[in-house]
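The structure appears right after this line, and notes come after that.
The values are calculated or read from the model by the stated rules, or taken from the named source; none is laboratory data. None of these values were measured; they are calculated from a predicted model. Cβ atoms come from the backbone with ideal geometry, glycine included; neighbour counts cover every protein chain shown.
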Amino acid sequence: LYLVKSTHEYKALDTDELTFGPGEELKVLETKPEDQVDEGWQLGEKSDGTRGVFPENFTKRIEKCA
């Protein structure tokens, strides 16, 4: 759907979360699947293919995916 860049480091607190450092790009896979992801969180994928949820307030939207 679109790409975001992390603005801060985030260390996963649960097995379904992503860990990332500042400046990493993440691909957002879904927007607001309320039945699966809590408000303020997004489901995404790192460049190495790792998938998980992450807090959207640790990221900034940079571009739309093709």
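Identify all residues within segment 3-27 that are of a type in the set (A, V, I, L, M) and either modelled with pLDDT under 95 or within 19 Å of ILE62 (Cα to Cα) (or both); write none if there are none. Can you show your working first?
From segment 3-27, those of a type in the set (A, V, I, L, M) are 3-4, 12-13, 18, 26; that's our starting set.
Matches in segment 3-27: LEU3, VAL4, LEU18, LEU26.
Kindly provide the set of residues from segment 28-51 that are at positive phi and at pLDDT below 95, ordered by number.
Of all residues in segment 28-51, those at positive phi come to 32, 40, 49.
Passing the criteria: LYS32, GLY40.
Just checking, which of LYS60, LYS64 is touching a strand residue (DSSP E or B) at 6+ places or on another chain (Cβ under 7 Å) and either at pLDDT 95 or above or surrounded by 12 or more Cβ atoms within 10 Å (Cβ to Cβ) (or both)? Before you say what the answer is, go through the steps one by one.
Values: LYS64 fails: either at pLDDT 95 or above or surrounded by 12 or more Cβ atoms within 10 Å (Cβ to Cβ) (or both).
Matching residue, one of LYS60, LYS64: LYS60.
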